[in-house]
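The values are calculated or read from the model by the stated rules, or taken from the named source; none is laboratory data. All values reported here derive from a predicted model rather than from experimental measurement. Because the Cβ atoms are built from the backbone with ideal geometry, glycine has one as well, and the counts that use them run over all protein chains shown. These area figures cover heavy atoms from the full protein model, side chains too; ligands, DNA and RNA do not enter into them. Shrake-Rupley method; radii C 1.70, N 1.55, O 1.52, S 1.80 Å.
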Amino acid sequence: MRAALCATILLSGCSGGRDAADDTTGIGAGPAQCTGFCQTSNPQRLTVADVQQVIAQASAEASARSAPATIAVVDHVGNVLAVYRMPGAATTVTVSSTETPPPAAIGGLDGLPFIPDTLAVISKALTATYFSAEQNAFSTRTASQIIQEHFNPGELNTPGGPLFSVQISQLPCSDISRQFNGATANAGTHRAGIGFAADPGGLPLYKQGVIVGAIGVIADGLYSLDKDIVEEDADETDELIATAGTFGFAAPRPIRADRITLDGKTLRFADVDFDDLAASPAAAPAFGTLPAGLVAVPGYTTATVLDGTFFGADTSDPLSPAFGTNPSGVRPANAGDGIAAPLAALDGFLVVDDANVNRFPATGEGGGLTAAEVESLLENTLAIANRTRSQVRRPLGSRAGIHVTIVGQTGDVLGMARTRDALVDAIDVTTQKARTALFFSKPGSDAALNAMPDAEYADPAFAPFVTLRTSDIGQYATDYQDFIGRPLDGSIAWSLRALSNISRPHYPDDIDANPRGPLSKPIEEWSIFSTGLQLDLVYNAILRHVAFVVGALGTDVAQGDCTGFDGFSGGFAKLASIPEVRNGITLFAGGLPIYKGGVLVGAIGASGDGLEQDNMVPLLAVDATAKQLGTISNAPKAIRADILSPGGVHLRWAICPQKPFLDSDEEDPCEGI
């Protein structure tokens, strides 16, 4: 196959695939990398012709392998540009935490055989593009490695992955992620019907070093994950087909996950490469010759192919393709955005709507945070992030890419900003982080959980809407009280780092013989598709959305609140609400409550560049604002969760990098805060 590729492609050299000595040559090497500035200086997007080429190349590989596939292509903010189902491809997939369908139902989403193939491939593509940037390229295989109960997967008695639990985000009912407008690609970011994916077969797409989107493929009928990363999966059909689709749009090799380490462990990008393909993607038949197969997905796309958006284009430049418009929903800040000049001076970026207006300007809240305090928090976060050494970006020594969200007392977003090239997933995730820290630090949270209807698990052995069993959400509040020794009543301030400690299937999570934390399912019921409180809070809303997509319901789940839905036996009625966590919760570090005079007034969430950076940046930002304005503070030390030692194990408030700054040799910057 490699010889065929060399014969059909004009390259400066044909030094090979994954073992190429030169990062910028070889089969499908990808373009030269950028350093975060190409998105504004040289904006790129996927055109209709590009999308057609990606699908045609992937389809040719699937045909060569007699593996009919469903293929999705998205742009960088999650617009679904096309979904193509080959003749003979299955229309549903089975969710499975094992390499084969589980022998018995586990619960949650695990084992369900009726999830639409379209939602599976959209989630795969969204994961690959949302986790990638100009300075790092991640795939769904990378995601699988960093979200499981062990890091690395298969290594016993090790802590959970750095992004443990991130898969339950970008939900269809989120108030942050947006729906398809029914006609063209629009400002994002957009939702994923079943959250993020860990199933290999989602790969990012690049043009001239700029991240422009991703491809998601499923051909094997399983929506699963990689539980054993010791051996390479050279026969991974979904990943082989997706790899063919990326030909001509491949991620630059120097920024792929397999050039990046976390905790001294090398990440994974793909177990296959272009020289493993069965067909030459350069010789793929034209899209127009393919059998009809474009699929309409309710709430995501019509049966057409769309142009993608220009991401982060500089709207102040009259030569930019985005001048006077809002192509993607993410663009540079400027002095007219309601946050004045400081964010622009910090090279800050904003999330904007279709009219190019800042969706989340600095806003005050009666009795809580003021607009001046929110503005200071945003500015300090970006200033600190710009000084911070990145953990996952290439080249080494790059500054961190961070997104920050500030929420008020009821979870309303009071402000949002981001540094250049920050990850797109963080827009929804940081809001989850802030809201989760707020909710668990707030009085009355135990009563709010007890008011929630049960999560009603679907039985995979029957039709989609037959009850397997229910899960009592109020029981998590009871388990919390039994575990901590006091109710969830606002007497303890919770950081996401501390909450993460008690949300794993083992407590502490690096000792496998230990029982679960109170917010988790026991290990025999736990998987990334069946986690505990995090999934149960939003489970009925996810199933309601699936019912809409498959045509069992005529209306979609409303965007704005994912909590409080009855199960399918009750017609998915909206019975209650927890506005503080309206887009769900997440359980990895980067969220902190904010206090004023000892009273909880809001929370901050930051994400995008490694757990310790996610811990440090908001902690220092709140401290800097406290010193500037003298009004707000981090949580009082006397009530922080790290005063607790449930089970004899001391909880952690924050863990910060030892020597994090690019412009200073300062050590332990979090000490004493």
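Of the conditions (1) open to solvent by 10 Å² or more (accessible area, probe 1.4 Å); (2) under 29 Å from Gly397 (Cβ atoms); (3) not basic (Lys, Arg), Ala128 satisfies every one except a single condition; which number is it?
Unmet for Ala128, out of (1) open to solvent by 10 Å² or more (accessible area, probe 1.4 Å); (2) under 29 Å from Gly397 (Cβ atoms); (3) not basic (Lys, Arg): (1).
Quick one: in region 494-517, of everything that is of a type in the set (A, V, I, L, M, F, W, C) and at pLDDT below 95, which residue is least open to solvent (accessible area, probe 1.4 Å)?
That would be Ile511.
Could you check region 131-162 and list, in sequence order, the residues that are over 21 Å from Leu240 (Cβ atoms) and in contact with a Pro (Cβ under 7 Å, 6 or more places away or on another chain)?
Ile146, Glu149, Phe151
Give me the pairs: first residue in region 281-299 and more than 30 Å from Thr555 (Cβ to Cβ) and surrounded by 17 or more Cβ atoms within 10 Å (Cβ to Cβ), second residue at pLDDT 95 or above and aliphatic (A, V, I, L, M), beta-carbon distance under 7 Å, and six or more apart or on different chains, which are they?
If the second residue must be at pLDDT 95 or above and aliphatic (A, V, I, L, M), the pairs left are Pro281/Ala60; Pro281/Ala244; Ala284/Ala56; Ala284/Ala60; Phe287/Ile55; Phe287/Ala56; Leu290/Ala56.
Of all residues in region 399-411, count the ones that are open to solvent by 10 Å² or more (accessible area, probe 1.4 Å) and under 12 Å from Gly608 (Cβ atoms).
So the answer is 1.
Just need a number here: residues in region 58-92 that are closer than 30 Å to Ala187 by Cβ and open to solvent by 10 Å² or more (accessible area, probe 1.4 Å).
The qualifying residues number 1.
In region 614-635, is there at least one residue being in contact with a Cys (Cβ under 6 Å, 6 or more places away or on another chain), closer than 29 Å to Asp425 by Cβ and at pLDDT below 95?
Among the residues of region 614-635, at least one is in contact with a Cys (Cβ under 6 Å, 6 or more places away or on another chain), closer than 29 Å to Asp425 by Cβ and at pLDDT below 95, which makes the answer yes.
How many residues does region 448-488 hold that are charged (D, E, K, R), out of contact with any strand residue (DSSP E or B) (no Cβ under 8 Å at 6 or more places or on another chain), open to solvent by 60 Å² or more (accessible area, probe 1.4 Å) and more than 17 Å from Val538 (Cβ to Cβ)?
2
Residues in region 189-214 that are under 14 Å from the mean Cα position of the chain (by Cα), open to solvent by 10 Å² or more (accessible area, probe 1.4 Å) and either of a type in the set (Lys, Arg) or at pLDDT below 95 (or both): how many?
Total satisfying the criteria: 0.
For a quick check of your reading of the model, give me the residue pairs whose first member lies in region 601-619 and is among the hydroxyl-bearing types (Ser, Thr, Tyr), whose second is in a strand (DSSP E or B), with beta-carbon atoms closer than 7 Å and at least 6 apart or on different chains.
What qualifies is Ser607/His403.
When Asp446 is evaluated against the numbered criteria (1) at negative phi; (2) out of contact with any Asp or Glu (no Cβ under 7 Å at 6 or more places or on another chain), which criterion, by number, is the only one it fails?
Unmet condition: (2).
Can you pull out the residues in region 571-593 that are touching a helix residue (DSSP H, G or I) at 6+ places or on another chain (Cβ under 6 Å) and assigned to a strand (DSSP E or B)?
Gly591, Leu592, Pro593
For region 298-306, check the following and say yes or no: at least one residue is modelled with pLDDT of 95 or more and not in a loop (DSSP other than H, G, I, E, B).
Yes, region 298-306 has at least one match.
Is there a residue in region 86-97 that is part of a loop (DSSP other than H, G, I, E, B) and closer than 21 Å to Asp228 by Cβ?
Yes, that holds for at least one residue.
Could you say whether any residue in region 636-646 is assigned to a strand (DSSP E or B), modelled with pLDDT of 95 or more and touching a Lys or Arg at 6+ places or on another chain (Cβ under 6 Å)?
The answer is no, given that none of the residues of region 636-646 is assigned to a strand (DSSP E or B), modelled with pLDDT of 95 or more and touching a Lys or Arg at 6+ places or on another chain (Cβ under 6 Å).
Which residue, of Ser445, Ser491, Ser520, is in contact (Cβ under 8 Å) with a residue 24 or more places away in the chain and open to solvent by less than 30 Å² (accessible area, probe 1.4 Å)?
So the residue among Ser445, Ser491, Ser520 that is in contact (Cβ under 8 Å) with a residue 24 or more places away in the chain and open to solvent by less than 30 Å² (accessible area, probe 1.4 Å) is Ser445.
Quick test of your reading of the structure: Lys627 fulfils all but one of (1) farther than 18 Å from Ser169 by Cα; (2) open to solvent by less than 30 Å² (accessible area, probe 1.4 Å). Name the failing condition by number.
Of (1) farther than 18 Å from Ser169 by Cα; (2) open to solvent by less than 30 Å² (accessible area, probe 1.4 Å), only one is false for Lys627: (2).
All but one of (1) of a type in the set (Val, Ile, Thr); (2) free of Cβ contacts under 8 Å to residues at least 60 places away in the same chain; (3) in contact with a strand residue (DSSP E or B) (Cβ under 7 Å, 6 or more places away or on another chain) hold for Thr266, so report the exception by its number.
(3)
All but one of (1) within 25 Å of Arg582 (Cβ to Cβ); (2) touching a strand residue (DSSP E or B) at 6+ places or on another chain (Cβ under 7 Å); (3) surrounded by 24 or more Cβ atoms within 10 Å (Cβ to Cβ) hold for Arg178; state the number of the condition that does not hold.
Looking at each condition in turn, Arg178 falls short on (3).
Quick check: anything in region 546-567 modelled with pLDDT of 95 or more, crowded, with 16+ Cβ neighbours inside 10 Å and under 25 Å from Lys227 (Cβ atoms)?
Checked against the condition, which is being modelled with pLDDT of 95 or more, crowded, with 16+ Cβ neighbours inside 10 Å and under 25 Å from Lys227 (Cβ atoms), region 546-567 yields at least one hit.
To keep it simple, each residue is scored yes or no on (1) open to solvent by 40 Å² or more (accessible area, probe 1.4 Å); (2) in a helix (DSSP H, G or I); (3) among the acidic types (Asp, Glu); (4) at negative phi.
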| position | (1), (2), (3), (4) |
| --- | --- |
| Phe360 | no, no, no, yes |
| Thr381 | no, yes, no, yes |
| Leu396 | yes, no, no, yes |
| Ala417 | no, no, no, yes |
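It is to be established whether one or more residues within region 146-153 are within 24 Å of Val93 (Cα to Cα), open to solvent by less than 10 Å² (accessible area, probe 1.4 Å), assigned to a helix (DSSP H, G or I) and not acidic (Asp, Glu).
Yes, because at least one residue in region 146-153 is within 24 Å of Val93 (Cα to Cα), open to solvent by less than 10 Å² (accessible area, probe 1.4 Å), assigned to a helix (DSSP H, G or I) and not acidic (Asp, Glu).
List pairs: first residue in region 51-66 and among the acidic types (Asp, Glu), second residue in a helix (DSSP H, G or I) and surrounded by 24 or more Cβ atoms within 10 Å (Cβ to Cβ) anywhere in the structure, Cβ distance under 9 angstrom, at least six positions apart or on different chains.
Listed by first residue and then by second, the contacts come to Glu61/Leu240; Glu61/Ile241; Glu61/Ala242; Glu61/Thr243; Glu61/Ala244; Glu61/Gly245; Glu61/Pro281.
For region 647-662, which residues satisfy the criterion of being in a loop (DSSP other than H, G, I, E, B) and open to solvent by less than 100 Å² (accessible area, probe 1.4 Å)?
Val649, Leu651, Trp653, Ala654, Ile655, Cys656, Pro657, Lys659, Pro660, Leu662 - these are the residues of region 647-662 that are in a loop (DSSP other than H, G, I, E, B) and open to solvent by less than 100 Å² (accessible area, probe 1.4 Å).
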